[in-house]
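Trainee: Take this structure, written in structure tokens, and hold onto it; I'll ask about it next.
The values are calculated or read from the model by the stated rules, or taken from the named source; none is laboratory data. Here the structure is a predicted model, which is why all the values come from computation and not from measurement. All Cβ positions, glycine included, derive from the backbone under ideal geometry; neighbour counts span all protein chains shown. Keep in mind that these areas ignore ligands, DNA and RNA; they rest on the heavy atoms of the full protein, side chains included. Shrake-Rupley method; radii C 1.70, N 1.55, O 1.52, S 1.80 Å.
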Amino acid sequence: MLRERIRTAGINLKGTLRAIRDSKVPARVVQSNAGLLGVALTGTLILVAVFAPEVAPHDPIAQNYDATNQPPSLEHPFGTDRFGRDVFSRVIHGTRWALGLGISILVFQILLGVTLGLVAGYYGGLVEAAIMRLVDVMLAIPGIVLALAIAGMMGGGIFPLVVALAAVGWRGFARLVRGDVKSVMEDEYIEAAEAAAVSDVRIMLRHVLPNASASIIVYATLTLPAVILQVAALSFLGMGVNPPTPEWGAIIEAGRDQLQTEWWISTFPGLAIMITVIGFNALGDALRDALDPKQSRPL
Amino acid sequence: MIPVLFGVTVIISSLIYLAPGDPARAALGNQADAEAIQEVRADLGVDDPIYVRYVDWLTDVLQGDMGTSIVTGEPVSAMIAERLPATLELSIVAMLITFIIALPLGVAAAVRQYSWLDTGSMIFAIFWLSMPSFWLGLILIFLFAVQWQIFPISGRADSFLTLEWLSYLALPAFAIGARRAGLLTRLMRSSMLEIINEDYIRTAKGKGIGSQAVVYTHAMKNAMIPVVTLVGLQVPLIISGSVIIEIVFAWPGLGRLLVDSVLRRDYPVVQAIVLVYSCLVLVANLAVDVSYTYLDPRITYD
Amino acid sequence: MKRGTESVADGTVADPILEVEGLRKYFPIQGGILNRTVGNVKAVDGVSFEIGDGKTLGLVGESGCGKSTLGRTVLRLHEPTGGRIRYRGTDITDASKAELKRYRREMQVIFQDPASSLNPRLSVGKIIREPMHSLTDWSREKRHARTVELVEEVGLGTEHLGRAPHELSGGQQQRVGIARALSINPRFVVADEPTSALDVSVQASILNLLNDLQAEYDLTFLLISHDLSVVRHSADRIAVMYLGKLAEVAPTDRLFESPKHPYTKALLSSVPRAGPERMEDRILLEGSVPSPENPPSGCRFHPRCQEYIGPVCEEDEPVFEEVADGHRCACHHYE
Ligand SMILES: Nc1ncnc2c1ncn2[C@@H]1O[C@H](COP(=O)(O)OP(=O)(O)OP(=O)(O)O)[C@@H](O)[C@H]1O
Ligand code: SF4
Ligand SMILES: [Mg+2]
């Protein structure tokens with residue numbers, strides 16, 4: 001039971017639903033300092049990602065051999081790299097890659113995990129046993145190891161990266177949703193729907209899923225930073241986004257050899273990752289507290 | 001555990017179907033002659049039906065034969081045997097560091113709830129958790145190896161259990177352990193809090209110092225149950241962390257071999273390493289289950 | 001053991017719409033390492049009865065005796081473990097999902113807990129329309145018109161249609177549940193303790209509503225309650241259930257005037273009656289209800305029975321048989 005709680009990040013479904021019905025959630029999120037910080041950081045990040053070309057002073061890919069390896073200055077706040085590219089502009093554009101890839105991967109994870117968890121919880125029995133066994137099996141392989149193997153076997157690049165991380169990350173969603181579905185299935189409106197001969201698919205989509213969705217949203221918000229870290233890690237290892245694309249992990253990897261002399265190249269994208277991760281974690285935490293005030297997070 | 005392991009082997013052996021085009025050619029490169037490619041194809045069993053391939057591979061693995069590297073021709077088991085100790089050493093020390101940081105800090109934060117220590121441990125946790133481990137590794141190298149030259153930049157000592165050994169191990173193990181300690185500190189704190197607030201502890205608190213000590217020992221033991229659970233969940237995370245950190249610190253472990261083999265398309269090696277990692281996770285899970293029975297006599301596996 | 005468990009529907013009810021014969025529903029109990037079935041909760045264990053067309057059968061018994069399970073199994077919301085269910089002469093015990101859909105149109109259910117039986121994420125209007133959507137081919141306009149008609153009929157207004165269930169009171173929620181059940185004009189309705197979750201002040205109005213609707217739509221009810229006084233005014237006949245089995249069935253007046261089964265007598269003595277209460281007449285039920293997983297041998301009521309007549313009660317299971325016209329009882333005392 002405890003394992004279950006840790007894996008599902010301590011989300012309490014029934015309490016969460018009650019809170020949604022109060023629909024004071026947005027107000028409660030910004031009530032705490034952490035929530036305010038989360039909203040501010042993630043809001044800024046999203047704006048930066050959307051308006052990256054406007055925010056960035058330079059072309060993130062354009063090389064300039066007259067201004068290579070320059071330390072931070074007014075012209076180049078984060079300095080330049082060995083090709084004379086403006087690191088600040090690269091980090092700004094990196095927001096797009098981080099959020100874009102992170103969210104796309106998350107969407108695939110949710111589609112896969114929610115579908116399997118929903119089917120497992122709804123049908124129970126052998127179907128459930130088979131799906132949950134698959135989850136157990138997948139959980140026995142460390143995430144990065146499996147992701148590396150999948151992305152590597154597929155030859156590296158963006159599409160393999162998405163496939164690999166989606167294949168690794170759906171497990172948590174499946175577990176969470178399956179538990180929630182089983183609890184929703186105990187409610188009598190499910191039986192009422194069965195008594196009205198409502199089709200299985202419609203029961204799942206109209207009755208079960210909406211009542212299990214609150215915890216999915218919280219869990220997704222808390223998973224996004226983890227996915228962003230994984231994307232950066234795989235790119236750093238050369239199994240994800242490749243240079244000259246301004247992806248944070250790839251920028252760090254490219255500046256790695258110059259750390260002693262041009263420290264700024266690798267330092268700033270790392271800070272950008274930290275800020276992003278802190279922002280989404282704070283938002284997720286505040287969301288959970290707002291949705292279910294009684295449940296405090298073991299972090 | 002056995003059925004799970006069995007499932008893992010199915011997934012591992014199907015990894016090769018993800019490879020685009022001819023896996024043999026991908027591994028050997030375009031210049032390779034047709035004969036060599038044919039040989040590797042036969043070795044990989046590419047042309048056999050799925051189940052034949054799987055059964056062949058599994059029988060070999062069960063007999064301890066993990067095949068040979070496509071790239072170097074070395075037996076895979078020898079390659080793994082050479083690298084495994086380095087990874088185990090790194091992971092175990094990283095785990096120790098996690099505990100050395102997290103247990104006292106978590107307990108202290110719980111006992112002095114809302115003090116500067118509590119807030120500090122919270123900030124500490126968030127800080128480490130949000131840092132990409134490879135980046136942390138680079139920063140550590142930059143500060144402790146390049147600037148202050150306290151520790152060597154990278155690599156692994158030839159000696160064992162010496163000061164030199166420790167100096168090479170310190171940075172990579174800390175880079176993995178500190179990150180995990182962030183989470184463990186918070187968990188230790190909340191699980192300790194839960195127990196401290198139970199009635200019998202409150203009563204003892206009122207009675208004075210002597211009984212307090214006894215009770216806190218007892219509370220610690222109870223608080224360990226969720227911690228042990230977390231340790232079980234940490235093992236795959238520590239392993240995941242070690243893969244990246246091995247690259248950053250040029251640590252000659254399994255993780256580096258994995259990344260190298262993935263980049264070289266050395267399929268037999270990749271498959272074998274994934275299998276070994278999964279076995280480590282499963283063994284750790286088993287150990288966790290066993291330690292439950294020690295910590296909480298009520299839990300039995302009948 | 002076998003003796004007497006499966007009594008036969010013997011046509012004591014004229015023109016039955018529902019005939020149930022030896023119905024059983026066991027819930028497996030899982031345990032051990034491999035999640036093997038280690039036992040069964042025998043929630044319904046060999047029950048037979050009929051309900052006449054347009055009539056109300058009251059089903060009473062203590063909490064946990066299997067009333068809800070019986071009601072749901074009859075509707076095939078649970079898969080029966082054994083026995084037969086006939087609806088209007090057709091055996092629906094093994095009907096497939098597709099075949100069942102035909103009968104769902106005529107058989108509906110009203111639940112005990114109105115809060116839990118309404119999907120919190122749907123509006124009242126959508127909740128009421130759901131059965132029409134899945135069970136009829138009515139046009140959108142017709143479904144909407146029928147919804148408006150229904151809310152008024154159950155004593156709500158059109159202003160409630162857009163609301164979420166939690167914005168309604170318990171009584172109003174139960175009215176929504178009733179409107180949903182009646183939306184497709186069913187003939188047979190299982191009402192599972194429709195008032196027990198409600199304030200005493202609204203219980204009577206809901207029961208009256210059900211009575212009115214029955215008259216208007218010519219409905220047949222299986223009215224479940226743990227309280228004899230609730231079914232007394234609505235039911236034509238009453239079935240008394242104990243630990244998965246029927247103890248006694250009789251026309252309502254007859255049951256109240258001359259109960260046969262000791263359990264029925266005990267239940268009746270706790271019902272407040274008009275007139276001066278005679279304390280010495282009260283029979284107190286001793287002990288708690290035994291577990292349906294491991295029911296007592298012989299007559300299941302014997303550990304609590306005040307008329308216990310000897311070892312036969314512990315050894316032989318009494319047959320559920322006719323003691324008078326339309327009056328059946330399972331007790332060695334009356335064999
Ligand atoms: N889905 C189920 N799985 C396992 N056991 C069940 C299930 N549903 C009911 N039971 C068990 O079957 C027995 C009868 O339950 P049921 O709900 O039918 O009783 P009831 O007479 O309706 O009680 P109440 O008055 O409390 O509603 C109980 O012991 C209950 O625990
Ligand atoms: S059979 Fe015996 S124990 Fe059972 S009710 Fe009749 S008298 Fe009581
Ligand atoms: Mg009930």
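Trainee: For chain B, set up a Gaussian network in which alpha carbons nearer than 10 Å are linked by springs, and say which option among B:A19, B:A170, B:A250 fluctuates the most.
Mentor: B:A19
Trainee: So if a site counts as exposed when it's one of the chymotrypsin sites (Phe, Trp or Tyr not before Pro), its DSSP state isn't H, G, I, E or B, and it has at most 14 other Cβ atoms within 10 Å, what's the longest stretch of chain A without one?
Mentor: Answer from the scan: A:66-299.
Trainee: Distance from a point 7 Å along Cα→Cβ of A:L47 to each backbone N in segment A:241-285: keep the residues under 17 Å and list them by number.
Mentor: Answer for this model: A:276, A:279-280.
Trainee: Continuing with this model, one more query. Could you work out what % of the accessible surface of segment C:115-185 is carbon and sulfur, using a 1.4 angstrom probe and leaving DNA, RNA and ligands out of the count?
Mentor: 45 percent
Trainee: Still on this structure: Across chain B, where is the longest run that never hits chymotrypsin sites (Phe, Trp or Tyr not before Pro) in a DSSP loop with at most 12 other C-beta atoms within 10 Å?
Mentor: Maximal segment without exposed cleavage sites: B:161-300.
Trainee: Where does the charge balance sit around A:D81 when Lys and Arg score +1, Asp and Glu -1, over other residues with C-beta under 9 Å from its C-beta?
Mentor: Cβ neighbours under 9 Å give a net charge of +1.
Trainee: Using θ = phi - 60° and the Karplus form 6.51 cos²θ - 1.76 cosθ + 1.60, what ³J(HN,Hα) does each residue of segment A:41-46 get, whole Hz, x for Gly and Pro?
Mentor: Coupling constants for segment A:41-46: 5, 5, x, 4, 4, 5 Hz.
Trainee: In addition: Using amide H atoms built 1.01 Å from N in the peptide plane, name the residues 5+ places from C:Q108, or on other chains, whose amide H lies under 5 Å from its own.
Mentor: Residues meeting the amide H criterion: C:F188, C:V189, C:V190.
Trainee: Segment A:105-142: which residues show an accessible-area loss of 40 Å² or more, assembly versus chain alone, 1.4 Å probe?
Mentor: A:R133, A:V137, A:A140, A:I141, A:P142
Trainee: Please find, in a Gaussian network model of chain B (springs between Cα atoms separated by less than 10 Å), the residue of B:L230, B:L62, B:L280 whose mean-square fluctuation is greatest.
Mentor: Result: B:L62 has the largest fluctuation of those listed.
Trainee: Sticking with this one: Please return the longest range in chain C lying between exposed loop sites, taking trypsin sites (Lys or Arg not before Pro), DSSP loop only, at most 12 other beta-carbon atoms within 10 Å, and leaving the sites out.
Mentor: The longest uninterrupted stretch comes out as C:4-272.
Trainee: For chain B, calculate the relative contact order in percent as a whole number, restricting contacts to Cα pairs under 8 Å that are 6 or more residues apart.
Mentor: 25 percent
Trainee: Send over a whole-number figure in Å² for the accessible area per residue of segment C:115-185, probe 1.4 Å.
Mentor: Roughly 38 Å² per residue, with all protein chains present.
Trainee: Further, regarding this structure: Report relative contact order for chain A in percent, whole number only (criteria: Cα-Cα under 8 Å, sequence separation at least 6).
Mentor: That works out to 30 percent.
Trainee: Right, another one. For the pair C:S201 and A:T261, how long in nm is the line joining their label points, each one 7 Å along Cα→Cβ?
Mentor: 8.6 nm
Trainee: Calculate the length of the line joining the C-alpha centroid of segment B:234-269 to that of segment B:118-159, in whole Å.
Mentor: 19 Å
Trainee: Find the sum over both chains of the accessible area lost when A and B are paired, probe 1.4 Å, and report it in Å² to the nearest 100.
Mentor: Using a 1.4 Å probe, the pair buries roughly 4400 Å².
Trainee: Same structure, new question: Please check: in the Gaussian network model of chain C (C-alpha springs, under 10 Å), which one of C:D316, C:D218, C:D199 has the largest mean-square fluctuation.
Mentor: C:D199
Trainee: Please list, by residue number, every one of the trypsin sites (Lys or Arg not before Pro) in segment B:68-169 that is coil in DSSP and has at most 14 other beta-carbon atoms within 10 Å.
Mentor: Passing sites in segment B:68-169 are B:R112.
Trainee: Now for a separate question. Ignoring ligands, DNA and RNA, please state the percent of accessible area on chain B from carbon and sulfur, probe 1.4 Å.
Mentor: So the carbon and sulfur contribution to the accessible surface is 65 percent.
Trainee: Label point 7 Å out from C:D218 along Cα-to-Cβ: which residues of segment C:42-80 have amide N under 11 Å?
Mentor: C:54
Trainee: How many nm is it between the label spots at A:N64 and B:R112, if each spot is 7 Å from the Cα in line with the beta carbon?
Mentor: Placing both labels 7 Å along Cα→Cβ, they lie 5.1 nm apart.
Trainee: To the nearest 20 debye, what is the magnitude of the charge dipole of segment C:115-185 about its Cα centre, counting +1 on the Cβ of each Lys and Arg and -1 on the Cβ of each Asp and Glu?
Mentor: The dipole of segment C:115-185 has a size of about 200 debye.
Trainee: Which of the listed residues, C:L156, C:L122, C:I184, is farthest toward the dipole's positive end in segment C:115-185, when Lys, Arg count +1 and Asp, Glu count -1 at the beta-carbon?
Mentor: Ranked along the dipole, the leading option is C:L122.
Trainee: Could you work out the relative contact order of chain C? I mean the mean sequence separation of Cα pairs under 8 Å and 6+ apart, divided by the number of residues, in percent.
Mentor: Worked out over chain C, it gives 21 percent.
Trainee: Taking amide H positions as placed 1.01 Å from N in the peptide plane, with prolines and chain starts having none, which residues 5 or more places from C:E293, or on another chain, fall under 5 Å of its amide H?
Mentor: So C:E293 has HN proximity to C:K42.
Trainee: Need one value for A:211-217: mean number of C-beta atoms belonging to other chains within 10 Å of its residues' C-beta atoms.
Mentor: That average works out to 1.
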